[in-house]
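Input: a single structure, listed below in structure tokens.
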Amino acid sequence: MQIEPITDSRDKILARIREALQTTAPKRHLHAPAGVATRGHGADDTVHGTPQEWLPPVPATQDEKLALFEKNSADLKTRVVLCANDAAVTAALTELASAENWKRVASHRFPVGHAAILASNLSVTWVDEGYAVGELESADAGITGCECLVSQTGSILVTASSSGGRALSVLPPHHVVIAHRSQVVGDLSEALAVAKRSNGGTAPAFLSFITGPSRTGDIERILVLGAHGPKQLTVLVVG
Amino acid sequence: MSALAPSTQFNRDADRVTHDLRHRGLIQKALGGYYVKRDQQKAKFNDWQEARTLAGEVKYEAINHLDKYLIQFADAISARGAKVFWASDGAEANAHICRIARENGVKSVIKSKTMTGEEIHLGPALEKSGVEVVESDLGEFIVQLREEPPYHIVFPSMHLSRQEVSEVFERKLGSEPADTPEELTMIARGVMRQKYCTADMGISGANFAVADTGMISITENEGNARLSTALPKIHVAIVGIEKIIPRLEDLALLLPMLATAGAGQPITCYNTMLGGPRQPGEIDGPEQMHIILLDNQRTRILADPEQRDSLHCIRCGACLNVCPIFKNVGGHAYGTTYQGPIGSVITPHLRGLQSWKHLSNASSLCGACTETCPVKIDLHHHLLQNRRNAVQGKPRWWEKWMWKGFDFLMTKPALYRWAAPLGRIGMIFYPIVERTPLDPMKYWTKTREFPPLATYSFKEYWRNRKQN
């Protein structure tokens with residue numbers, strides 16, 4: 001079979017853009033009523049300040065950050081369980097397994113949770129070397145690590161390396177995250193920096209902020225959990 | 001799609017929906033909850049207004065250096081193995097996506113929500129080439145089963161009651177009648193989970209295209225986009241060129257703002273950034289990732305500096321939710337992919353000013369859209385500019401003469417003094433033609449009373465007062 005060369009409109013589009021940008025557009029978004037002093041920008045038409053100044057505030061200490069994470073999580077129906085040590089994580093997992101009658105879970109090897117998962121005697125499908133989609137789909141829960149927890153929004157940042165690939169944290173009906181207390185960061189921008197750092201300074205090819213279990217309001221704007229992804233999200237915080 | 005002229009179709013549908021009290025009830029109920037949640041979230045910001053200014057600045061920077069950032073984005077994402085295709089219009093984009101499907105023997109596609117895909121009618125194009133397409137967003141899935149376009153860019157099935165959803169599920173999926181949103185959602189979940197595991201290709205849109213790291217960012221609540229982009233072996237993302245933002249860190253501002261403005265959430269449930277197909281060392285993810293960068297008249301908006309900021313739009317839908325016109329006529333009356341104020345502003349650029357200028361007249365110019373826009377697009381002034389441009393492009397002779405006559409009369413006090421009593425005489429005979437086809441004010445009097453002329457003018461009053 002002869003493969004036809006693929007030509008696209010790259011140069012044409014770029015030429016149209018460059019021609020259009022010959023004229024400058026007014027900075028309309030910066031207009032404030034005359035005489036009104038605004039904090040965000042000065043006479044030189046540049047915006048001062050960083051998003052942190054305007055976004056919802058983040059507390060300073062680690063304890064307060066964890067408390068805000070817990071509060072935001074509760075608002076969005078994420079269950080947070082504080083565990084003093086690995087034994088407490090194992091106990092929490094065992095309790096969930098019996099309460100929900102888990103037959104088999106899927107997980108990967110990650111430092112914070114590995115020992116606790118092994119000690120829980122759950123039947124585990126390990127995905128570290130790859131998996132069959134059907135096996136993941138039929139697991140009762142997916143247990144993963146994460147890059148970090150975000151206090152400001154109650155989010156969990158997952159990446160392929162920290163959370164067992166791209167699907168483990170979204171396909172099984174219950175997503176359980178095990179994280180260390182020190183993994184709570186202030187805001188999204190700090191979280192992105194953490195992910196870059198652990199990937200050798202560049203952003204990994206897959207990043208996802210998870211905030212609460214999967215939800216929809218598409219029928220009469222009434223909240224339903226578990227539209228496609230997990231119906232439940234539990235975060236076990238160790239330490 | 002009907003063969004009616006867009007303005008005729010708009011007038012007909014707007015008239016019908018405005019009088020539909022059931023529709024009004026559904027929309028009011030849906031939006032009532034939204035206003036409360038949105039205000040709660042806005043109040044959590046240190047300063048929502050300054051956050052808007054900064055978000056506007058980020059998009060201004062991106063759009064006004066679009067060539068530079070697009071090249072940066074394309075180079076960075078290609079470096080990690082994604083294939084980037086630049087399409088001038090919908091036909092070119094669709095042809096390329098159909099070619100990818102054909103070359104890879106794709107039989108079924110799972111699609112997550114993409115308004116850009118709606119804009120170019122990607123679904124029908126794929127179906128025509130023999131590929132099964134399933135919408136995975138619940139709202140999109142429902143309207144797909146009903147064979148109608150999305151009602152709202154963010155809430156596609158906002159106009160439907162649970163009974164209507166149950167009815168279409170019974171008819172198309174053979175499911176049992178259900179009367180809670182929960183049961184109905186679970187029916188869809190059951191259908192969809194099999195599709196994720198078996199589809200050959202996943203198609204998504206993108207909310208943002210990040211230039212510095214070469215990633216697309218997808219915002220959603222259901223998890224359908226994550227599944228559609230993780231499980232099938234090919235992922236195609238259709239991205240309008242205006243979706244670009246300069247830096248990954250900009251998302252720290254834009255993601256909370258998009259969710260707050262769009263749905264009254266602090267952040268949506270899943271915000272996923274994808275910078276390439278499965279990488280060495282990864283255990284899953286698509287083998288191929290294709291990015292389609294779509295122009296489709298966006299460079300025409302770019303060439304109009306006055307309205308260039310309409311490309312700053314992050315498609316949150318906030319302007320629809322506050323628009324008194326949208327709330328009365330509903331999303332389908334527009335007959336466009338993008339409804340509400342932003343749709344009325346950009347559709348004339350995308351599809352031709354003269355055929356779509358009527359949308360810019362369907363506005364009370366109250367400015368609620370401009371006030372709510374999280375990136376500060378000057379929406380209601382753009383509606384005025386569209387009106388001006390439409391008249392300049394194609395003046396209406398009778399309107400020109402009407403204003404000439406008005407000008408003539410108003411600048412001649414003597415003539416005006418004679419004309420006023422004449423009007424009062426006219427009022428005596430007016431009831432004879434009122435609300436008949438001969439009524440010169442028939443469009444006004446259809447829904448309103450024509451106010452009677454005053455029995456004397458201010459000038460007459462003043463003169464009499466002084467005499468006393």
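The values are calculated or read from the model by the stated rules, or taken from the named source; none is laboratory data. Computed from a predicted model, the values in this text were never measured in an experiment. Note: ideal-geometry Cβ built from the backbone for every residue, glycine included; neighbour counts use all protein chains shown.
Listed here are the residues, each with its yes/no results for (1) surrounded by 13 or more Cβ atoms within 10 Å (Cβ to Cβ); (2) of a type in the set (Asp, Glu); (3) part of a loop (DSSP other than H, G, I, E, B).
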position: B:Leu359; (1), (2), (3): yes, no, no
position: B:Pro374; (1), (2), (3): yes, no, yes
position: B:Gln385; (1), (2), (3): yes, no, no
position: B:Asn389; (1), (2), (3): yes, no, no
position: B:Lys404; (1), (2), (3): no, no, no
position: B:Asp407; (1), (2), (3): no, yes, no
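Of the set (1) surrounded by fewer than 24 Cβ atoms within 10 Å (Cβ to Cβ); (2) farther than 23 Å from B:Tyr69 by Cβ; (3) more than 12 Å from every other protein chain (Cβ to nearest Cβ), all apply to B:Ile203 but (1). When residues in region B:208-222 are screened for being closer than 28 Å to A:Leu225 by Cα and of a type outside the set (S, T, N, Q), 5 of them pass. Screening B:Ser364 on (1) outside any helix (DSSP H, G or I); (2) closer than 28 Å to B:Leu253 by Cβ; (3) of a type in the set (Gly, Ala, Ser) shows it passes everything except condition (2).
For region B:47-54, the condition of being hydrophobic (A, V, I, L, M, F, W, C) and either farther than 25 Å from B:Phe326 by Cβ or surrounded by 22 or more Cβ atoms within 10 Å (Cβ to Cβ) (or both) holds for at least one residue. Among the residues of region A:210-238, those that are touching a His at 6+ places or on another chain (Cβ under 6 Å) and either β-branched (Val, Ile, Thr) or in a loop (DSSP other than H, G, I, E, B) (or both) comprise A:Ser214, A:Pro230, A:Val238. Among the residues of region B:58-89, those that are of a type in the set (Phe, Trp, Tyr) and more than 8 Å from chain A (Cβ to nearest Cβ) comprise B:Tyr69, B:Phe73. Selection of region B:116-142 for residues being under 27 Å from B:Ala209 (Cβ atoms) and facing chain A (nearest Cβ under 10 Å) yields B:Ser136, B:Asp137, B:Leu138, B:Gly139, B:Glu140, B:Phe141.
Residues in region B:59-111 that are closer than 21 Å to B:Gly275 by Cα, surrounded by fewer than 23 Cβ atoms within 10 Å (Cβ to Cβ) and either basic (Lys, Arg) or modelled with pLDDT under 95 (or both): B:Lys68, B:Arg80, B:Lys83. Cβ separations smaller than 7 Å between residues 6+ apart or across chains give the following pairs from region A:50-61 residues that are more than 10 Å from every other protein chain (Cβ to nearest Cβ) and outside any helix (DSSP H, G or I) to residues that are surrounded by 15 or more Cβ atoms within 10 Å (Cβ to Cβ) and hydrophobic (A, V, I, L, M, F, W, C): A:Pro59/A:Leu68.
Pairing each residue of region A:128-145 that is within 10 Å of chain B (Cβ to nearest Cβ) with any residue that is among the aromatic types (Phe, Trp, Tyr) and surrounded by 12 or more Cβ atoms within 10 Å (Cβ to Cβ), provided the two are 6+ apart or on different chains, yields C-beta distances under 9 Å for A:Val133/B:Tyr196; A:Glu137/B:Tyr196.
If you filter region B:258-313 down to residues that are among the polar types (S, T, N, Q) and not in a loop (DSSP other than H, G, I, E, B), you find that the one that is surrounded by the fewest Cβ atoms within 10 Å (Cβ to Cβ) is B:Gln288. Of all residues in region B:189-212, those that are within 27 Å of B:Glu103 (Cα to Cα) have Cβ atoms under 6 Å from Cβ atoms of residues that are hydrophobic (A, V, I, L, M, F, W, C) and assigned to a helix (DSSP H, G or I), 6 or more apart or on another chain, in B:Tyr196/B:Leu227; B:Cys197/A:Val133; B:Ser204/B:Ala225; B:Ala209/B:Phe73. Among the criteria (1) over 23 Å from B:Pro341 (Cβ atoms); (2) part of a helix (DSSP H, G or I), the one B:Pro395 does not fulfil is (2).
Only one of the numbered conditions (1) free of Cβ contacts under 8 Å to residues at least 24 places away in the same chain; (2) closer than 22 Å to B:Ala209 by Cα is violated by A:Leu188, and that is (1). Residues in region B:8-57 that are within 9 Å of another protein chain (Cβ to nearest Cβ) and acidic (Asp, Glu): B:Asp47, B:Glu50, B:Glu57.
Let's see how each residue does on (1) more than 9 Å from chain B (Cβ to nearest Cβ); (2) touching a helix residue (DSSP H, G or I) at 6+ places or on another chain (Cβ under 7 Å); (3) at pLDDT 95 or above:
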site: A:Ala37; (1), (2), (3): yes, no, no
site: A:Ser73; (1), (2), (3): yes, no, yes
site: A:Thr78; (1), (2), (3): yes, no, yes
site: A:Val89; (1), (2), (3): yes, yes, yes
site: A:Glu95; (1), (2), (3): yes, no, yes
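Summed over region A:200-225, residues that are in contact (Cβ under 8 Å) with a residue 12 or more places away in the chain and more than 7 Å from chain B (Cβ to nearest Cβ) total 3. Of all positions in region B:172-179, none carries a residue that is facing another protein chain (nearest Cβ under 10 Å), of a type outside the set (A, V, I, L, M, F, W, C) and touching a residue at least 12 places away in the same chain (Cβ under 8 Å). Listed conditions (1) farther than 18 Å from A:Pro213 by Cα; (2) within 13 Å of another protein chain (Cβ to nearest Cβ); (3) part of a loop (DSSP other than H, G, I, E, B) are all met by A:Leu122, apart from (2).
Every test in (1) within 10 Å of chain B (Cβ to nearest Cβ); (2) closer than 19 Å to B:Gly275 by Cα is passed by A:Arg197 save one, and that test is (1).
B:Leu255 satisfies every condition listed in (1) under 20 Å from the mean Cα position of the chain (by Cα); (2) part of a helix (DSSP H, G or I); (3) more than 8 Å from every other protein chain (Cβ to nearest Cβ) except (3).
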